[in-house]
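First the structure, in the form of structure tokens, and then the observations on it.
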Amino acid sequence: MSATKIGYLIPLNNDFKEDTSLSNLPLSPGPNVIGRNNISVSDKRLSRKHLTLTAAAEGSASLLVEGTNPVVVKSGDQRKKLKSNEKVSIFDGDIIELIPGHHFYKYVTSLSRKRPPSSNGGTDNEEPSTKRMRKHAEPENGIRKGENCEEAIRDFRVSNDKLPLTFQLLRVQGLPGWANTSCVSIGDVIQEDVLIAILSNYMVDIDWLMPACPALAKVPHVLVIHGEGDGTLEHMKRRKRANWILHKPPLPISFGTHHSKAMLLVYPRGVRIIVHTANLIHVDWNNKSQGLWMQDFPWKDQNTPSTGCGFENDLVDYLSALKWPEFNANLPGLGNFKINPSFFKKFDYSSATVRLIASVPGYHTGPNLKKWGHMKLRTVLQECTFDKEFQKSPLIYQFSSLGSLDEKWMAELSSSMSSGFADDKTPLGLGEPLIIWPTVEDVRCSLEGYAGGSAIPSPLKNVEKGFLKKYWARWKASHTGRCRAMPHIKTFTRYNGQKLAWFLLTSSNLSKAAWGALQKNNSQLMIRSYELGVLFLPSMKRHGCGFSCTNNGGPSKEQRGSIKNPEVQKTNLVTLTWRSSRWNTDESSEVISLPVPYELPPQRYSSEGDETIYSLIYFHVSWIKIESDLFLSPLQMSRGLGIVDTPRRMFTVKFGRDKFNCKLPGIPDFLDVSSKFCIVG
């Protein structure tokens with residue numbers, strides 16, 4: 001190379017900060033060969049002549065892929081994958097992934113390295129490509145300008161007394177600090193002097209749970225309601241503490257599961273209700289995009305008769321369906337109680353900020369027809385009035401597992417999701433749904449590599465149905481920093497621009513088993529699984545929702561009288577990228593920001609070329625978990641039996657005594673690793 005240096009490739013770590021353990025790669029005018037010989041990392045996927053970067057003195061440069069493996073160039077929030085012999089122009093601040101999702105280098109010109117720190121309010125280490133995007137970004141559909149949109153979650157800060165009005169994302173390891181603003185971990189929700197803990201989930205890893213949440217060791221009574229199979233259950237029985245009760249709810253219809261993810265924590269001052277989307281396993285609380293809502297409620301005044309409310313009735317009805325074994329608990333200063341569903345009538349839920357939408361297995365008829373699943377959602381929405389701008393507005397279905405669907409049932413579900421009336425009492429009308437699901441490239445470049453697909457399962461026969469093609473949309477989450485954190489969160493919403501008519505955070509995937517299917521001329525709803533979600537509505541804001549069971553500044557037990565008759569105030573729900581100037585709200589309403597992790601409106605899958613088709617086919621069989629040093633060290637939560645694969649896109653699957661081969665389109669030829677068969681809910 002020439003002695004004249006006009007730029008550098010700066011190595012970055014997974015947080016996209018400069019990795020000082022590796023050397024900068026100097027760039028000279030003209031062609032610069034980058035490959036295994038001048039990069040101090042050991043990776044056989046890197047060719048000796050991996051790429052050629054041709055740089056000019058004024059700062060422009062072009063990149064040509066020379067090796068057999070693809071290279072990704074990220075400019076602002078745009079990522080472009082280049083195959084062998086493909087070429088692209090790059091600019092100051094662009095990030096190069098020598099292998100998609102691995103070995104990050106930032107292209108920096110010598111001029112930019114001499115530039116003084118920014119004084120315009122931007123961060124000192126802001127990428128020039130981001131600044132270009134900010135300069136040219138224009139507001140659209142109520143979205144804020146690029147300056148705030150690019151890292152919108154950075155400004156998402158909610159006071160403790162208003163947390164019940166919104167939800168929070170779970171903290172993700174490996175993301176930059178700004179992406180975890182106002183995010184939570186399991187230790188943030190199970191804290192202080194819990195008297196009773198009821199943990200409801202599908203998968204439970206006790207070996208992870210106890211060290212991850214030491215506070216559980218001090219809880220006198222723990223009930224774990226789970227959906228585990230016999231093998232894992234035996235391990236749980238051996239490892240659990242003596243004061244823990246394990247219970248798997250009855251499943252009267254085949255192929256159902258207990259899939260709800262919730263916690264009920266009883267404190268001396270009240271109860272904390274938590275509804276979330278994460279299994280009680282390491283990867284769900286550390287590597288995935290997940291959501292969590294919680295609210296604290298005080299004990300009722302036993303001297304003042306009180307009636308229930310919608311939230312209380314829905315909660316007790318759902319808990320009653322679980323049929324856990326009743327147990328006794330002596331709560332210091334409070335007395336002896338039988339812990340059954342009726343026990344939870346002792347708390348005052350009048351300040352609840354959400355409605356519960358639950359599913360329980362069974363054939364539901366008569367008054368129970370509208371009590372569960374999508375019929376419950378339909379019923380609640382039909383009681384609500386929305387702004388007229390939401391008439392015929394689109395719907396979003398975002399989830400992590402796809403069931404066996406048909407067009408009739410999709411119409412049935414969209415009818416429920418489209419329920420509700422405008423201000424003038426006219427129906428909102430049917431909305432067009434889109435399904436947000438990542439592609440194979442998203443999984444491949446995720447924090448977990450191909451293993452990230454293990455939590456987003458679907459049989460190929462479910463995915464290939466032709467009528468679904470019109471629904472597919474991309475997972476893009478730049479504003480929350482979660483493009484590389486694969487979604488295990490499940491959300492459903494109706495929106496217009498950056499404004500939300502309503503928003504549902506739930507454990508329900510897109511399946512008949514979760515939502516139910518109408519039968520017998522619509523007189524019966526059949527549901528196979530247990531599910532639980534919280535519905536945010538524009539009229540659910542109530543003064544006095546800031547009560548706290550813990551010592552975080554909430555109203556004390558003596559002050560709780562102020563919330564006996566909470567005042568309902570109209571609220572408007574928006575995404576983090578909404579601009580206030582685009583919605584003229586009156587002084588009597590309040591805007592509530594919800595950290596919707598994906599971008600709205602979503603980008604549809606392209607219908608041109610084979611790349612999207614392969615992405616769909618391979619990605620949706622990504623429930624085959626790849627475990628390799630190339631992508632991810634082995635996970636303790638791995639389930640299932642072995643797979644041995646070959647470099648010819650052929651997997652030999654060993655399942656029990658059976659053995660079969662399957663060819664998976666879209667698997668890169670360089671992949672030659674040991675794998676495991678894994679299905680995660």
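The values are calculated or read from the model by the stated rules, or taken from the named source; none is laboratory data. For clarity, every value in this text was computed on a predicted model and none was experimentally measured. All Cβ positions, glycine included, derive from the backbone under ideal geometry; neighbour counts span all protein chains shown. Just the protein is used for accessible areas: all its heavy atoms, side chains included, with ligands, DNA and RNA removed. Shrake-Rupley method; radii C 1.70, N 1.55, O 1.52, S 1.80 Å.
Annotations for the structure displayed:
- Wholly enclosed helices (runs of 4 or more DSSP H) of the stretch 111-203 bearing at least 2 residues within 19 Å of the chain's Cα centre (by Cα) and modelled with pLDDT of 90 or more: 186-189
- The residues listed here are Ile95, Ile99, Ile90; of these, the one that is over 18 Å from Cys483 (Cβ atoms), at pLDDT 85 or above and buried (at least 16 other Cβ atoms within 10 Å of the Cβ) is Ile90.
- Extreme residue, nearest to Leu356 (Cα to Cα), among residues of the stretch 237-283 that are among the polar types (S, T, N, Q), open to solvent by 10 Å² or more (accessible area, probe 1.4 Å) and in contact (Cβ under 8 Å) with a residue 60 or more places away in the chain: Thr257
- Subset of the stretch 412-433 that is among the hydroxyl-bearing types (Ser, Thr, Tyr) and open to solvent by 20 Å² or more (accessible area, probe 1.4 Å) - its residue that is nearest to the chain's Cα centre (by Cα): Ser415
- Per-region count, the stretch 223-244, residues of a type in the set (Val, Ile, Thr) and closer than 20 Å to Leu532 by Cα: 2
- Count - residues of the stretch 8-27 that are in contact with a strand residue (DSSP E or B) (Cβ under 7 Å, 6 or more places away or on another chain) and either basic (Lys, Arg) or on the phi < 0 side of the Ramachandran plot (or both): 12
- Whichever residue in the stretch 60-85 is assigned to a loop (DSSP other than H, G, I, E, B) and over 34 Å from the mean Cα position of the chain (by Cα) and, among such residues, is surrounded by the most Cβ atoms within 10 Å (Cβ to Cβ): Gly67
- Of the criteria (1) open to solvent by less than 20 Å² (accessible area, probe 1.4 Å); (2) at pLDDT 95 or above; (3) farther than 28 Å from Cys183 by Cβ; (4) outside any loop (DSSP other than H, G, I, E, B), which one Ile396 fails: (3)
- Within the stretch 465-475, the presence of a residue that is of a type in the set (A, V, I, L, M, F, W, C), modelled with pLDDT under 90, part of a helix (DSSP H, G or I) and over 24 Å from Leu82 (Cβ atoms) is excluded.
- When residues of the stretch 176-195 are limited to those that are touching a helix residue (DSSP H, G or I) at 6+ places or on another chain (Cβ under 9 Å) and of a type in the set (A, V, I, L, M, F, W, C), the one farthest from Val283 (Cα to Cα): Val194
- 3 or more residues at pLDDT 95 or above and buried (at least 23 other Cβ atoms within 10 Å of the Cβ): qualifying strands (runs of 3 or more DSSP E) within the stretch 491-604: 499-506, 531-536
- In the stretch 29-41, the residues that are surrounded by 15 or more Cβ atoms within 10 Å (Cβ to Cβ) and either touching a helix residue (DSSP H, G or I) at 6+ places or on another chain (Cβ under 6 Å) or not in a strand (DSSP E or B) (or both): Pro29, Gly35, Arg36, Asn38, Ile39
- Considered as a group, the residues in the stretch 434-461 that are open to solvent by 10 Å² or more (accessible area, probe 1.4 Å) and assigned to a helix (DSSP H, G or I) include one that is farthest from Phe386 (Cα to Cα), and that residue is Arg444.
- The single condition among (1) closer than 25 Å to Cys483 by Cα; (2) surrounded by 15 or more Cβ atoms within 10 Å (Cβ to Cβ) that Asn13 does not meet is (2).
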